[in-house]
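Before any comments, here is the structure.
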Amino acid sequence: MADAEAAEHPKYLQHHFSDAAQQRESSKLGMWIFLVTEVLFFGGLFTGYAIYHSWYPEIFHAASRVLDWRLGMVNTFILITSSLTFALAIRMLQVDRVKAAVWNLAATFALAGGFMVIKYIEYSHKFHVGQLPGKFYSYGGIDVANPHVFFSFYFMMTGLHGLHVLVGMGVILWLLIRTARGRFGASYHNPVEVAGLYWHLVDLVWIFLFPLLYLIA
Amino acid sequence: MSEQTRSAAAELPRSAVAVPERTDENGLPRPNFLRDGGGTLWSWLTTLDHKRIGILYMIMVMLFFFVGGLFALLVRLELFAPGEQFFGPDTYNRLFTLHGAVMIFLFIIPSIPAILGNFVLPLQIGAKDVAFPRLNLASWYIYMIGAIFALYSLVTNAADTGWTFYTPYSSSGSDTAVISITLGAFILGFSSIFTGLNFIVTVHKMRAPGMTWFKLPLMVWALYATAIIQVLATPVLGITLLLLVLERAFGVGIFDPAMGGDPVLFQHFFWFYSHPAVYIMILPGMGIISELITTFSHRNIFGYKFIAFSSLAIALVSFLVWGHHMFTSGQSEFAVMLFSFLTFMVAIPSAIKVFNWTTTLYKGSISFSVPMLYALSFLFMFTIGGLTGLFLGALSVDVHVHDTYFVVAHFHYVMVGGTVMAFIGGLHYWWPKMFGRMYNRTSAVAAWALVFVGFNMTFFAQFILGTQGMPRRYWTYPEQFQSLHGFSSSGSLVMGLGFLIMGVTLLAGALRGRVVGSNPWGSLTLEWTHATSPPEPHNYPNTPVVENGPYDFDKLVPRVDAPGEPGPEPEPAPAK
Amino acid sequence: MDTTATFWMPPSASTTAGDVDSLFYFLLWVSVFFFALIVGLSILFITKWRRRKGDTGRLDTGPTKNTLLEVAWIVIPTIIVVIIFVWGFRGYMNLSVIPANAMEVKVTGQQWFWSFQYPEGASTVNELVVPVDTPVKLTLSSQDVIHAFYVPSFRIKRDVLPNRYQFAWFEATHTGEYDLFCAEYCGSKHSQMTGTVRVLSGADYKAWLEGAALAGEGMAPAEYGGRLYESKACVTCHSLDGTPGNGPSFLGVFGHEVTLEDGSTVIADENYIRESILNPKAKLVAGYQAVMPTYQGLLSDGEIDALVAFIKSVGGEGE
């Protein structure tokens, strides 16, 4: 009986699914729902941001000035490009060009790394001058009451987003290795596809974060 | 295999039972998931079988139910009379906090979805498993990690903030281990999210051929609506608790008035999750009640679509009523008006369900099996819980009874009189499916009677305490409340004894009870008609093909009913 | 209006309480009706159609849908709840709209006592004294965490927040003493953060105000201090028998050396006690949390003198 099942079930098909289409649709739906929870997770922070921005617009305008919008802009381009290379990787798998897919995944990984390097530069500068959240705030250059509120939001939002980028990098690396080993091809590349959805969301969140934090001055 | 399809119009429910390939020395079917999925502890801890994961959850969740119950009894003992009875206010404050946190996050939220939902959802839709079995197991481990964080707070410096963690007391007022219990709740949230995600995908993609949406058992509808709330609301709790942890650990100043923050904002964030969470707790219980009332009335459900859609209506409106927890905290009159109105609107779908269940009893053939006793006591107590909700939605009355024992009594009538009754009823209902054995009816009925009487003694008195003005979370109280408090505390002992007997009865039944065969109740949903008791590791040898609705008792020809508790089934001769 | 407690409700002693009670009883009867309907029908059905011994399995003959019935039990409850909603909202507006001529009392909640400041300058702790038949506006604020001001007999409750003023009002209709509770959990002694509302006739209130100004007159300082020890809520945290509470006991303190948080010691003399009342966090006794609020502005110099005398007298007895 086990042999008979193996004959009609490809290796990648898990036993409880009746066919590959069901497995593929399930994993995609699962990822979409997960993305909904992610949106709500970030949504909590965005709501908090909106409320405090409406209470204290002067804090947000004044404090936003000290951020370097050029670094933010570069990071925006980097993430958009990485979304593109990820999409290309999936496309290459669909047409069974595994090698090209590997290169595109590698490019995505490198771009994500670049994003984190720039983030590191920004963070270390802020730590240095004391533009820190809440009670750690010690920077003297912003002339409004409670400027630390802005940096609380800045660090929580970019920190949570950065964590998502790091998790994404881990996933991309894992996919890269498996693709290089030939596990994925035109017939089966579900994991790459759903990870792509996740990566696009990470990109999208940044596209909202960038103007809200860097460009409101 | 004619027994494996539910096609013949003239079938008998008692003959529509799955016939096992063979049976073991005790008469239990083989293979079954309890014995044939691996016998080692390791095989259980690494199992991907939704039924085994359900049982893993059951072990932990029931353990925490016991712990939370113990805290409750200690609280009630201290409240027997004013002043210090057994311990001081600091211990008392920790006990009621832990009672709330353990019961909410570790017991009642995972109880029905994670135990019974895991066990029956794939069976009821004719699937081999949930869509993501690995994620399902991971959810259990996440639950365990969250539980460890909560326990860490318990054994080091138990938190005393109340399970609601209101700022600024939780962020700067209390010097107890708030961070670990908050992180515990945060982590438990992810367990809940992943279970919900799994169920949504399972219901959408894993249904057996012929299992259309309107042939789904109402338990599945209820779990589906619950899963939507779990997925949409829990992330907001996650971010709120994370903010609280950051506030406490790093003083980010979002909720701290000393740094320009707003403590009431925390309440908004918190209740945005925690009010829908109330429906995470009650909706699956409503699903169980639909199963129990039809089965034990031998009667098709009245108003299937109304019950199914009222679950979805509750799920949606539940997101818009969170402000009714804050009628006295100084929201604008407009917000207060809106929240009050929506609160009344969310009462309607619950009322629809109660009316439909009551009408389902009409011209039924009602058997007083143990699960049905719990279902009927649900109708009794949930009605009280629901109606007293109207008092709390009515603004001017709410101002008087808000944060008094009236609220405590109301939510215990909904959560214990509703959810826990449904959960225990569900356990008694699916117990023979899980273990293939029946518990002792006499002691199960005795346990039910004690719980019913004890519960009503404990909590009805608290309605009167509340309207008389007794505030909640009080370690001591003025003399005039003593008689009612004493009465309430006595009731809690009766209820505790009932739950203890119930646990022993179920455990003894699982280990040594009478072997009862595949379909002892004569139910018509797939898990009873097509799966053995206990089911095979992969549920169904052949994927069932569904033609009838889940409660089509009217399509059956007349049969002979056994009175009361059904007797042992005529089992087919073991195939040796 | 009824000033005695009923089975359900405490005495009703404010102008707004009557309407709240009427709605409450309306809700009660609506609930009793629906409860009796549902439970009564259930009992009828399960008795009439219970499965009997040897039942030949009468088949399901009951209906499974009836749109008219469904519509009826959607529409009728909806109408009823809309009535309740409108009634409740109007009552709520009565509680929110403060009469313009109301006398103003400033209420401060802190862990774990209430203090009241009257327009004429008097102040009390854990006891709100008001004249009957006069609207009173309460301006509420908190020094630390969230509290809630709750007088069951007036049917009023309002959360007391640390970062903004909240308002409530009432007009007492009967003289007497009524319970005052903190209704929002606020930590260790939440259940002891209680007090009394004393409603006096207009003449008595005037007399009380004058008396308040002359309080302690003709009393020995230690005796007056003993009264203040009770009325200003020192008793909540400081015992007289040596049992440590949230703060150290007063027994045998005066004139003795106390060890502070940082390990240094200090003699508990008049000035130390005065400082500890006005600025409690300055010299914290070892082993205690900095939870005591400042009494700056709540006690007059004369009252502080009396308290010092009182602590002195307790210290003496401890020897």
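Mind listing just one residue for me: the one in the range C:152-191 that is within 10 Å of the chain's Cα centre (by Cα) and more than 26 Å from residue B:266 (Cα to Cα) and, of those, surrounded by the most Cβ atoms within 10 Å (Cβ to Cβ)? Checking each candidate, the answer is C:152. Condition first: within 28 Å of residue C:88 (Cα to Cα) and buried (at least 16 other Cβ atoms within 10 Å of the Cβ). Can you find one or more residues in the range C:204-213 that meet it? Among the residues of the range C:204-213, not one is within 28 Å of residue C:88 (Cα to Cα) and buried (at least 16 other Cβ atoms within 10 Å of the Cβ), which makes the answer no. Taken together, the criteria place residue A:44 among residues that are buried (at least 16 other Cβ atoms within 10 Å of the Cβ) and either within 14 Å of chain B (Cβ to nearest Cβ) or among the polar types (S, T, N, Q) (or both).
On the given criteria, is residue B:296 assigned to a helix (DSSP H, G or I) and more than 25 Å from residue B:424 (Cα to Cα)? Judged against the criteria, residue B:296 is not a match.
Does the range B:193-221 hold any residues that are at pLDDT 95 or above and of a type in the set (Gly, Ala, Ser), and which are they? Once the filter is applied, which keeps residues that are at pLDDT 95 or above and of a type in the set (Gly, Ala, Ser), the range B:193-221 yields only B:196. For the range B:88-110, the criterion of being part of a loop (DSSP other than H, G, I, E, B) and more than 14 Å from chain A (Cβ to nearest Cβ) is met by at least one residue. Taken over the range C:5-43, the criterion of being more than 7 Å from chain B (Cβ to nearest Cβ), of a type in the set (Val, Ile, Thr) and free of Cβ contacts under 8 Å to residues at least 12 places away in the same chain is satisfied by C:6, C:32, C:43.
For first residues located in the range B:175-191 and under 15 Å from residue B:164 (Cα atoms) and touching a residue at least 24 places away in the same chain (Cβ under 8 Å), partners that are of a type in the set (Lys, Arg) and not in a loop (DSSP other than H, G, I, E, B) and lie 6+ apart or on another chain with Cβ distances below 7 Å form the pairs B:178/B:248; B:179/B:248.
Taking every residue in the range A:91-119 that is under 15 Å from residue A:72 (Cα atoms) and in a helix (DSSP H, G or I) and pairing it with any residue that is of a type in the set (Gly, Ala, Ser) and modelled with pLDDT of 95 or more, at least 6 positions away or on another chain, the pairs with Cβ-Cβ distances below 8 Å are A:111/A:82; A:112/A:82; A:112/A:168; A:115/A:82; A:116/A:162; A:119/A:162.
Just the residues that are more than 9 Å from chain C (Cβ to nearest Cβ) and not β-branched (Val, Ile, Thr), please, taken from the range B:297-309. Don't jump to the end; show me each part of the working.
Filtering the range B:297-309 down to residues more than 9 Å from chain C (Cβ to nearest Cβ) leaves B:307-309.
Selection gives B:308, B:309.
Scanning the range C:265-319 for residues that are surrounded by 15 or more Cβ atoms within 10 Å (Cβ to Cβ) and among the small types (Gly, Ala, Ser) turns up C:268, C:276, C:306, C:309, C:313, C:315, C:318. Taken over the range C:82-104, the criterion of being buried (at least 21 other Cβ atoms within 10 Å of the Cβ), of a type in the set (A, V, I, L, M) and either under 19 Å from residue B:330 (Cα atoms) or modelled with pLDDT under 95 (or both) is satisfied by C:95 alone.
When the range C:63-116 is filtered for residues that are closer than 24 Å to residue C:205 by Cβ, free of Cβ contacts under 8 Å to residues at least 40 places away in the same chain, outside any loop (DSSP other than H, G, I, E, B) and among the hydrophobic types (A, V, I, L, M, F, W, C), the ones remaining, listed by number, are C:103, C:105, C:116. Taken residue by residue, the range B:497-506 has at least one member that is buried (at least 24 other Cβ atoms within 10 Å of the Cβ), at negative phi, in a helix (DSSP H, G or I) and out of contact with any Leu (no Cβ under 8 Å at 6 or more places or on another chain). Residues in the range B:480-507 that are in contact (Cβ under 8 Å) with a residue 60 or more places away in the chain and under 12 Å from residue B:432 (Cα atoms): 1 in all. Selection of the range C:193-203 for residues being surrounded by fewer than 19 Cβ atoms within 10 Å (Cβ to Cβ) and within 11 Å of chain B (Cβ to nearest Cβ) yields only C:196. For the criterion of being of a type in the set (A, V, I, L, M) and surrounded by fewer than 18 Cβ atoms within 10 Å (Cβ to Cβ), residue B:63 passes.
Checked against (1) within 14 Å of chain A (Cβ to nearest Cβ); (2) part of a helix (DSSP H, G or I), residue B:129 passes all but condition (2). Residue selection: residue A:170 fails the criterion of being crowded, with 16+ Cβ neighbours inside 10 Å, at pLDDT 90 or above and not hydroxyl-bearing (Ser, Thr, Tyr).
Residue by residue through the range C:132-185, note down the ones that are of a type in the set (Ser, Thr, Tyr), touching a residue at least 24 places away in the same chain (Cβ under 8 Å) and facing chain B (nearest Cβ under 8 Å).
Here is the first cut: in the range C:132-185, the ones of a type in the set (Ser, Thr, Tyr) are C:134, C:139, C:141-142, C:150, C:153, C:165, C:173, C:175, C:178, C:185.
Those left that are additionally touching a residue at least 24 places away in the same chain (Cβ under 8 Å): C:134, C:139, C:141-142, C:150, C:153, C:165, C:173, C:175, C:178.
C:150, C:153 - these are the residues of the range C:132-185 that are of a type in the set (Ser, Thr, Tyr), touching a residue at least 24 places away in the same chain (Cβ under 8 Å) and facing chain B (nearest Cβ under 8 Å).
May I ask you to say which residue of C:144, C:133 is on the phi > 0 side of the Ramachandran plot, in the same structural domain as residue C:170 (by TED's automatic domain parsing) and charged (D, E, K, R)? Explain how you work it out, then say what you get.
Details: C:144 fails: on the phi > 0 side of the Ramachandran plot.
Going through C:144, C:133 in turn, the sole match is C:133.
From the list C:141, C:191, which one is assigned to a helix (DSSP H, G or I) and under 26 Å from residue B:167 (Cβ atoms)? It would help to see each step written out before you state the result.
Details: C:141 fails: assigned to a helix (DSSP H, G or I).
It is C:191.
Of the helices (runs of 4 or more DSSP H) that lie entirely inside the range C:206-319, those containing 1 or more residues that are within 30 Å of residue C:132 (Cβ to Cβ) span C:221-231, C:301-318.
The condition (being over 23 Å from residue B:101 (Cα atoms) and either within 19 Å of the chain's Cα centre (by Cα) or in a helix (DSSP H, G or I) (or both)) is satisfied by just one residue among B:306, B:302, B:266, B:272: B:306.
Could you tell me whether any residue of the range B:201-208 is more than 19 Å from residue B:426 (Cβ to Cβ) and more than 10 Å from chain A (Cβ to nearest Cβ)?
Step one: of the range B:201-208, the residues more than 19 Å from residue B:426 (Cβ to Cβ) are B:201, B:204-208.
Then keep just the ones that are more than 10 Å from chain A (Cβ to nearest Cβ); that gives B:207.
Within the range B:201-208, one or more residues are more than 19 Å from residue B:426 (Cβ to Cβ) and more than 10 Å from chain A (Cβ to nearest Cβ).
Could you grab me the full set of residues in the range B:457-467 that are facing another protein chain (nearest Cβ under 7 Å) and surrounded by 21 or more Cβ atoms within 10 Å (Cβ to Cβ)?
First, the residues of the range B:457-467 that are facing another protein chain (nearest Cβ under 7 Å): B:464, B:467.
Residue satisfying the conditions is B:467 alone.
Scanning the range B:347-371 for residues that are more than 9 Å from every other protein chain (Cβ to nearest Cβ) and touching a Leu at 6+ places or on another chain (Cβ under 6 Å) returns a single hit, B:371.
The values are calculated or read from the model by the stated rules, or taken from the named source; none is laboratory data. Fair warning: this is a prediction, and the values are worked out from it, not measured in the lab. With ideal geometry, Cβ positions are generated from the backbone for all residues, glycine too; neighbour counts draw on all protein chains shown.
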